[in-house]
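**Q** Quick one: the structure is below, and I'll ask about it shortly.
Laboratory data are not the source of any read-out in this text; all were calculated from the coordinates shown. Since we're looking at a predicted model, the values are computed, not measured. Glycine also receives a Cβ, built like all others from the backbone with ideal geometry; neighbour counts cover every protein chain displayed.
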Amino acid sequence: MLNCLINTAPIYSELTNKKVAISICDLEKCLLYIPAIDLDHKLKSGDSHIQNTCAYECIKIGEKIERKVDFDNGRLTYYAVAIPIRDENGEIIGAISFSQNYKHNEMLNALVDNIFDSFENFRNLSSQVLNNANDLEKLNQRYLTIIEHYNKKLELLDSHLRLLNIYEKLDTYKNQMDIDDLNVGLGFDIEEIRKLSNDFKTISSYQLDSTRYIANTTEIISKRISKLKEQVKNII
């Protein structure tokens, strides 16, 4: 949320024809300050909080602060408004404040209310995006379970194929030793075994292709979910 405010603050400054000074801070320091054309507090990014300012007090009490302030030894009066900024868990992470020469104060409250409503709507939309990402992650987990199931089947098929290979080797030894001439039977039909072996190899090939496809798909989904969540968190 703070990053989003920092990125959009210059736009709001332009929309007010630079008649409003904007300050964004976290819990310890100023992150961004944009002066107005006729009001400059000389703040810089990295400056620590100044006690008794609107931003400082709205963070302390967790509520909107409005105040009329005499500035520069009474030579200038300005109107200030500050609102606390909260994360998706409702915890205060900073504040945004607006200051305006008192002769322009008619537009300040409207600006603050508009920005506050816009970011509340944006926060709700971001929460919906995160919820959808979580649902997609659950679905992706089901795919991973399917992959695990297929892998177990592939292991079983592989063991069958090894057993069939043993039977084929036994048949080869049988032929080499002319066991048929001795009327000694091994108790299995080698042609049937070859057929089973080919069938298992075909099934194994199809299942392996399916598993690879599902694995690639879930990997792509996982990366997209992680990227989406990171983007939303950076915004809010």
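**Q** Taking the Cβ of each residue in ILE96, ILE83, ILE22 as the centre, tally the other Cβ atoms inside 10 Å and list the residues starting with the fewest.
**A** ILE83, ILE22, ILE96
**Q** Subtracting the Cα-Cα distance from 0.36 nm times the residue separation, let me have the gained length for ASP40 to ASP26 in nm, one decimal. Numbers along the way, then the final one.
**A** On the way: separation 14, 0.36 × 14 = 5.04 nm, distance 2.00 nm.
Using 0.36 nm per residue and subtracting the Cα-Cα distance, I get 3.0 nm.
**Q** How many percent of Cα pairs in region 52-101 exceed 15 Å?
**A** Value for region 52-101: 45 percent of Cα pairs lie more than 15 Å apart.
**Q** Apply the Karplus parameterisation 6.51 cos²θ - 1.76 cosθ + 1.60, with θ equal to phi minus 60°, to every residue of region 15-20 and state each ³J(HN,Hα) to the nearest whole Hz, in sequence, with x for glycine and proline.
**A** Each residue of region 15-20 in turn: 5, 9, 6, 6, 8, 10 Hz.
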